[in-house]
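Read the structure below first, then the notes.
Any read-out appearing in this document is the output of simple, stated calculations on the displayed coordinates, not a laboratory observation. What you see is a predicted model; the values in this text were computed from it and never measured. No Cβ is skipped: glycine too gets one built from the backbone with ideal geometry, and neighbour counts run over all protein chains shown.
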Amino acid sequence: MARYTGPTSKKARALGEPIFGFDRAFEKKKYRPGQHGNSRRRRQRSDYALQLLEKQKAKYTYGVLERQFRNLFEKASRKKGVTGTVLLQLLEARLDNTVFRLGLAPTRRAARQLVSHKHILLNGVVTNIPSAQLRSGDIISVRGKSQGMSVIRDSVSAKNDVRKFPWLEMNPDTMSGTFLEYPERDQIPEKINEQLIVELYSK
């Protein structure tokens, strides 16, 4: 199963956002990587460079590779509504992202691994496809024999406030949650300018 396995701090610095979660290396060096660090004079980025940067930021934030991302964009463009917003809604509705948002995993990478290793149930059925698209009313839960795993228990006990994500409902006692609906754009916390992505793919 294809996924990005390269350096995370370096990628986060290149994109200017801690897209893989809190990172001490990123906090210490909030400038682009390179031999000369922050001393080199940077030229102003072109419109294309800014559009590409936003696409890369979205891709790495949600752990999606190029072909998957392009397919999602084409799917979003065929749906009713604002294409950029629909694209982010489809990314948020991925199973691995929802497992992360519910607080069942500390990071999206960990959530992807839990799904791939068959620790997650979707509507009571074991599902090992991280990119599975959720629909309103879908129930995500931890498989019975997997509920004792330390990574899951520690993440749930961290008391992540799922109320920040009103499109989800979580029951920490049963380690299960419900995908209520697609989120509105202002509810999605990621700092992504989706309009630039639309402009990039519309050329």
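Net length available on complete extension from GLN68 to ILE139 is 23.2 nm, with 0.36 nm assigned per residue and the Cα-Cα distance removed.
Computed from the C-alpha gyration tensor, the three semi-axes of the ellipsoid equivalent to segment 94-181 are 16, 15, 12 Å, from longest to shortest.
A dipole drawn for segment 94-181 from +1 and -1 charges on Cβ atoms has a positive end, and of TRP167, ALA132, SER116 the residue lying farthest that way is SER116. What is the log10 of I(q)/I(0) for segment 62-102, computed with the Debye formula using one identical point scatterer on each Cα and no solvent, at q = 0.31 Å⁻¹? Log10 I(q)/I(0), no solvent term: -1.05.
Taking the number of Cβ atoms within 10 Å of each Cβ as an exposure proxy, the fewest-first ranking of VAL64, VAL125 is VAL125, VAL64. Once both labels are positioned 7 Å from their Cα atoms along Cα-to-Cβ, the gap between LEU52 and LYS164 label points is 3.2 nm.
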